[in-house]
Every structure is written in structure tokens, then in C-alpha cells.
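Participant: Right, I'll just put the structure down here and ask away after.
Nothing in this text is a laboratory measurement; each read-out follows from the coordinates by a stated rule. Everything numeric here is computed off the predicted structure, so don't read it as measured data. Cβ atoms come from the backbone with ideal geometry, glycine included; neighbour counts cover every protein chain shown.
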């Protein structure tokens, strides 16, 4: 987090320097306020870049056995540009190394990533009945099924297709 602040300050300084250079090249015809405006735009540009590259950055950090199965883009009122270009703020990853099949039942770990002021990762174990598409989370303490969390997946669900695929397919 501190490195983002340092990078934002340097982006502001660089943009302010460009504003100062433009002002000098114009023979001081540009107004004085161009320098702080450019500094603000530099900080804003850096922050927007970091937010939009978050998903690709996190995806690049995943091991080869991890597969992104779902992502969600959102809009926020305090980020008006997200209404034109929604930003990925959440995604789920299937850990193929944790995937085990026993007949028609698959057991695996699913990791939910969320972008907040600090990144949030929620690991959750699941059981999936491949025949009737029922997905049930496992309690973290004892790895027993939580029947209240039972839900049925759609037939075209990426999670269903990946978890229930034949090994080696």
C-alpha cells in the first residue's frame, strides 16, 4: 500500500514537470494552475491504471494449476469512468491441484478474490455432484458439508464443466 502512495506521488511529480515544461515552452502563456492540474491528472491516471490492471496482475501471479472460472466487473458512482468501462473487481479461481473425483462427486478448493482497499482472498472448499449439479460448501473447521449453502449450478456453468471434466480431457 505504501508503494502505491510513493508511485502516485512520483506520477504526480512527473506530470507536474510536464506541465511546467509546457508552460515554459509556451513562454509562460499557459496559466500557472496548469502545473497542479497536471499533478492531479498524473495521480488520477496512475490510480486508474492500477485499478484496471489489477485483474491481469493477479491472474499473472496465479500458479499454473489455478484456473479463473468467473469474474465480475462493476461500476461505482465515485468512479464515473467505470460506467463507460466497467472494471473487474472480483474473480474466482479453481485450484486444479486440489481437485479430486470420486465417482460423480468432485471435491475442490475455490478461491474468491476481491479488490478492496486491501486485496481479499477467501478460500473455500466445495463438494460438487456432477450428475445433479448440486454444489455444497464445506465448513472450514471440520470439512463437513454445509447443507444450508447448497445450490444448483446451471448446465452451462464453467465451474461445473471444469470440475466435472474427465481427467486428462
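Participant: Counting alpha carbon pairs within less than 8 Å and at least 6 residues apart, what relative contact order, in whole percent, applies to the stretch 66-163? Don't jump to the answer; show the numbers that get you there.
Facilitator: Numbers: 186 pairs, mean separation 18.3, N = 98.
That works out to 19 percent.
Participant: Now a separate question. Return the Rg/Rh ratio of the stretch 18-75 with Cα-based radii and a Kirkwood Rh.
Facilitator: Value, to two decimals: 1.32.
Participant: Counting only C-alpha contacts under 8 Å and six or more residues apart, can you give the relative contact order of the chain as a whole percent?
Facilitator: 12
Participant: Is it possible to state the helix-based mean residue ellipticity at 222 nm for the chain, with each DSSP H run of 4+ residues giving -39500 (n - 2.57), the sum divided by total residues, to the nearest 500 deg cm²/dmol? What is it?
Facilitator: Here the helix-only value at 222 nm equals -12000 deg cm²/dmol.
Participant: Divide the volume of the convex hull of the Cα atoms of the stretch 52-169 by its number of residues and quote the answer in cubic angstrom per residue.
Facilitator: Value for the stretch 52-169: 142 Å³ per residue.
Participant: Round to the nearest 10 and give me the degree value, 0 to 90, for the angle of helix 34-61's Cα axis relative to the longest principal axis of the chain.
Facilitator: Tilt of helix 34-61: around 20 degrees.
Participant: Using a 10 Å cut-off around each Cβ, can you sort 112, 57 from fewest to most neighbouring Cβ atoms?
Facilitator: Placing the least packed residue first, the sequence is 57, 112.
Participant: Now for a separate question. Just want the ordering: 152, 88, 158, from fewest to most Cβ atoms lying within 10 Å of their own Cβ. Mind dumping the intermediate values first?
Facilitator: Working: 152 12, 88 19, 158 15.
Ascending Cβ contact count within 10 Å gives the list 152, 158, 88.
Participant: While we're on this one: Using a Gaussian network model on the chain with a 10 Å cutoff between Cα atoms, which of 109, 38, 87 fluctuates the most?
Facilitator: Answer for the Gaussian network model of the chain: 38.
Participant: Now, a different point. Given Cα pairs under 8 Å that are at least 6 residues apart, what percent is the relative contact order of the stretch 1-59? Let's see the in-between values first.
Facilitator: On the way: 46 pairs, mean separation 23.4, N = 59.
Once normalised by length, the contact order is 40 percent.
Participant: What list do you get for 78, 33 if you sort them by fewest beta carbons within 10 Å?
Facilitator: Ascending number of Cβ neighbours within 10 Å: 78, 33.
Participant: On a C-alpha basis, how far is the centre of the stretch 28-76 from the centre of the stretch 106-129 in Å? Whole number, if you could?
Facilitator: 24
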